[in-house]
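Working notes, beginning with the structure itself.
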Amino acid sequence: MYKLVLILFCLLLGTTASSQDKLISKKPGKLSKSFEPNRQGRDSMENRLSKKVVKNEKANIKDYLIISRENDTIQLDTTLTIYKEYKFNYLRKDEFELLPFSNMGQTYNTLSENFKSNSLQPSFGAQAKHFNYMEVDDIDYYHVPTPLTELLYKSGFEQGHLLDALFTVNTSKQFNFSIAYKGMRSLGKYEHILSSTGNFRFTTNYKTKNNRYVARTHIVMQDILNEENGGLSDEDILNFESGVEEFLDRPIFDPIFQDAQSSLEGRRFYLDHSYILKERDSLNSNKIAVGNILSLEDKYYHFTQATKNNYFGDAFIASKISDKVTLESFYAEFNASYSNKTLGAFKVNAGYTNYNYGYNSVVILDDQRITNRLLGSVVSFEGAYEKTIGEFALKGDIGVNLTGDLKGNFLNAEASYGINEDMDVSASLNSNSKAPDFNFQLFQSDYLNYNWKNNFKNQTTKQLAFNLKSKKFGTLEVDYNTLNNYLYFAKGNTVDAGVKPFQFDKTVNYIRAKLSNEISYRNFSLNNTVLYQSVMDGEVVFNVPQIVTRHSLYYTNEFFKKALFLQTGVTFSYFSSYYMNRYDPLLAEFYVQNTTEVGDFPRIDFFINAKIRQTRLFLKAEHLNSSFTGYNFYSAPNYPYRDFIVRFGIVWNFFL
């Protein structure tokens, strides 16, 4: 893994870089405007012309484009803002609603849930391993006038480092390719909690000179490995919370076990290409295009343990526990789109999905035969419509599985209106019904408690959402959710029962309201995000903290004739106490518990960030209050959160 990283680093050094931070959508008909506060830290190429641009001597920073799967186009951004501080982490996205475990590269506990979904097919399972797993929508494509490179480095925990390197180049105006690798390895502060992950991405983006044919492909290979230790024992929890100096040396703790590890690996090939049959011109407002998508993905999850442990109950064998499950999936789609200046844009597609999930052998347990495979195919239909009239935009999507054993459907409707230059309002309705994740339906293990074959009903979710965005006052987001046939993991009713899947036969009502804004005075700014949540009729199976909040007070200024841009401040984070989900390392899933409350502890970080030309430097003292506000901080029951630590990193952009 690290030989590949070193080779990539040497090849890319001296070329150029591309930031993946999304700023302003350039897609026509986008439902909402961009309402970010004033950008801080001048773009290093904002007014600079490039003399070595491929067939274009007047290209500047605005010519470096990043394109999403849905064809949203955004510009390269090399500025330094508070949002770059929030996204400078292992996932490279804002972790406001996530709580990381003690070591980088481990899983996250979720402090809030968004149930909006347009998915028709069940997921693989092992959701705790998928936070860093890059799905189809996580892959970007590029179009750049000169070669670009981005290098990100961040220190970890005890012999740990994160490196993310990306290189992209247009060999001509028509063809672009990119190659990227994110590698991480971190030992961690506690015993047997090592993390090692790798995400390799290769993309191509091609269009003909007349722009009528467009093709985008990507190849992604990923591996996520974690040593598992089960957390601290109940006896050691008392020692941890005591704050006695002897126990501040975290390796002194003996975790529940030290001989287990879990891994998730996946490979995917993806092709999306389309051809415009009839191009729109000044005399003809009609546009007709046809397209095709092919996706082939293989993944497996593997849990191993040297000897059986009573933590999981009885086992078929006493040593060499090995639970491995695989999923092979193939998706083919044929689509057609029609757009008219008066009528709007229409799109329909027919999809075919073939899946093969399971194990190598059948299990016979208590006279019950548990099959080893879930095989099948699904034919689906989807349709979409989009129309913009002045400042009013309307968008709708619908999908349904027509044939196959997996029933599913979704409906999504969105509308937005630009009230004025300062304010934008939008509302959306989403309804989704899909089959349970595969590990809810079938699971096998060398541990007796972890074997089942279920026929659960589809989980159905409905969400009504409202957004109000203002450059002056901030953003207000409210959504109301109803969950029917809610699926969850929990401990069985008996003392020796393991973690199993269950389905709630009542309706869960869940409401969220999040307010975000920023107040500035001269060189000082206060960035605030407050989330309020409430669960009705489902507190036994679905738990979230009532309050989640984050406040950053920071100072920004330019020094040395504007050669240095400095950003420094303090971030305060907090969530209220609640019955936080426990983590099951065998399933790689979180499960519901209603006996231990976790939370109600503050987290204070001090940061100093700087920008010198196209280089951004990050230095942070994380959880600096850990020694004087009480050792009652946890990422999950029995899994302590991070102690005070100072970490640093860099994002280095090269422009050839």
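The values are calculated or read from the model by the stated rules, or taken from the named source; none is laboratory data. Here the structure is a predicted model, which means the values were calculated and not measured. Cβ coordinates were reconstructed from backbone atoms using ideal geometry, including for glycine residues, and neighbour counts include every protein chain displayed.
Within region 276-299, the only residue that satisfies the criterion of being over 30 Å from F346 (Cα atoms) and surrounded by fewer than 16 Cβ atoms within 10 Å (Cβ to Cβ) is D298. Check region 515-528 and report whether any residue there is basic (K, R) and touching a residue at least 24 places away in the same chain (Cβ under 8 Å). The answer is no; no qualifying residue exists.
Within region 223-237, the residues that satisfy the criterion of being surrounded by fewer than 20 Cβ atoms within 10 Å (Cβ to Cβ) and not hydrophobic (A, V, I, L, M, F, W, C) are D223, S233, D234, E235, D236.
Condition first: surrounded by fewer than 17 Cβ atoms within 10 Å (Cβ to Cβ) and within 12 Å of S380 (Cβ to Cβ). Now tell me which residues in region 333-350 satisfy that. Hits for region 333-350 are F334, V348, A350. For region 324-349, the tally of residues that are hydroxyl-bearing (S, T, Y) and either without any contact (Cβ under 8 Å) to a residue 12 or more places away in the chain or more than 30 Å from E265 (Cα to Cα) (or both) stands at 4.
Test G358 against the criterion of being on the phi > 0 side of the Ramachandran plot, touching a residue at least 12 places away in the same chain (Cβ under 8 Å) and small (G, A, S), and give yes or no. Yes, satisfied. S426 passes every criterion in (1) under 25 Å from the mean Cα position of the chain (by Cα); (2) among the hydroxyl-bearing types (S, T, Y); (3) closer than 23 Å to N335 by Cα apart from (3).
Residues that are polar (S, T, N, Q), modelled with pLDDT of 95 or more and more than 17 Å from F542 (Cβ to Cβ) do not occur anywhere in region 483-502. Scanning region 181-204 for residues that are surrounded by fewer than 22 Cβ atoms within 10 Å (Cβ to Cβ), assigned to a strand (DSSP E or B) and hydrophobic (A, V, I, L, M, F, W, C) yields F200, F202. In the set N109, N89, N114, only one residue is at negative phi, among the polar types (S, T, N, Q) and outside any loop (DSSP other than H, G, I, E, B); that residue is N109.
For region 402-411, the criterion of being in contact with a helix residue (DSSP H, G or I) (Cβ under 8 Å, 6 or more places away or on another chain) and in contact (Cβ under 8 Å) with a residue 60 or more places away in the chain is satisfied by no residue at all. Taking the conditions (1) at pLDDT 95 or above; (2) surrounded by fewer than 17 Cβ atoms within 10 Å (Cβ to Cβ); (3) basic (K, R) in turn, K84 satisfies each one other than (2).
All of T388, T353 fail the test of being of a type in the set (V, I, T), surrounded by 15 or more Cβ atoms within 10 Å (Cβ to Cβ) and farther than 28 Å from W452 by Cα, apart from T388. Annotation: of all residues in region 433-470 being in contact (Cβ under 8 Å) with a residue 60 or more places away in the chain and among the basic types (K, R), the one that is farthest from P585 (Cα to Cα) is K469. Out of the residues in region 617-641 that are more than 23 Å from the chain's Cα centre (by Cα) and within 27 Å of T78 (Cα to Cα), state the one that is surrounded by the most Cβ atoms within 10 Å (Cβ to Cβ). Among those that are more than 23 Å from the chain's Cα centre (by Cα) and within 27 Å of T78 (Cα to Cα), it is L617.
You will find that of F466, F489, the residue that is within 30 Å of D367 (Cβ to Cβ), in contact with a strand residue (DSSP E or B) (Cβ under 6 Å, 6 or more places away or on another chain) and either aromatic (F, W, Y) or in a helix (DSSP H, G or I) (or both) is F489 and no other. Scanning region 316-346 for residues that are in contact with a strand residue (DSSP E or B) (Cβ under 6 Å, 6 or more places away or on another chain) and aromatic (F, W, Y) returns F330, Y331, F334, Y338, F346. For N581, the criteria (1) touching a residue at least 24 places away in the same chain (Cβ under 8 Å); (2) out of contact with any helix residue (DSSP H, G or I) (no Cβ under 9 Å at 6 or more places or on another chain); (3) surrounded by fewer than 19 Cβ atoms within 10 Å (Cβ to Cβ) hold in every case but one, which is (3).
Of all residues in region 514-555, those that are of a type outside the set (V, I, T), assigned to a loop (DSSP other than H, G, I, E, B), surrounded by 14 or more Cβ atoms within 10 Å (Cβ to Cβ) and out of contact with any Gly (no Cβ under 6 Å at 6 or more places or on another chain) total 6. Here I650, I604 are screened, and the one residue that is aliphatic (A, V, I, L, M), surrounded by fewer than 17 Cβ atoms within 10 Å (Cβ to Cβ) and at negative phi is I650.
If I ask for residues that are surrounded by 18 or more Cβ atoms within 10 Å (Cβ to Cβ) and either assigned to a strand (DSSP E or B) or polar (S, T, N, Q) (or both), which ones from region 92-106 would you list? L99, P100, S102, N103, Q106, listed by residue number. Within the set P501, P436, the sole residue that is part of a loop (DSSP other than H, G, I, E, B), of a type outside the set (S, T, Y) and surrounded by 20 or more Cβ atoms within 10 Å (Cβ to Cβ) turns out to be P436.
Take the residues of region 407-430 that are at pLDDT 95 or above and part of a loop (DSSP other than H, G, I, E, B): which is farthest from G344 (Cα to Cα)? Per the criteria, the residue is K407.
When region 147-180 is limited to residues that are surrounded by fewer than 20 Cβ atoms within 10 Å (Cβ to Cβ) and among the hydroxyl-bearing types (S, T, Y), the one that is farthest from N609 (Cα to Cα) turns out to be S172.
Of the candidates A180, A128, A165, the single residue that is without any contact (Cβ under 8 Å) to a residue 40 or more places away in the chain, in contact with a Leu (Cβ under 9 Å, 6 or more places away or on another chain) and at negative phi is A180. Selection over region 238-275 of residues that are buried (at least 18 other Cβ atoms within 10 Å of the Cβ) and of a type in the set (V, I, T) gives a count of 1. Only one of the listed residues (N458, N439, N354) is within 30 Å of S337 (Cα to Cα), modelled with pLDDT of 95 or more and not small (G, A, S). That residue is N354.
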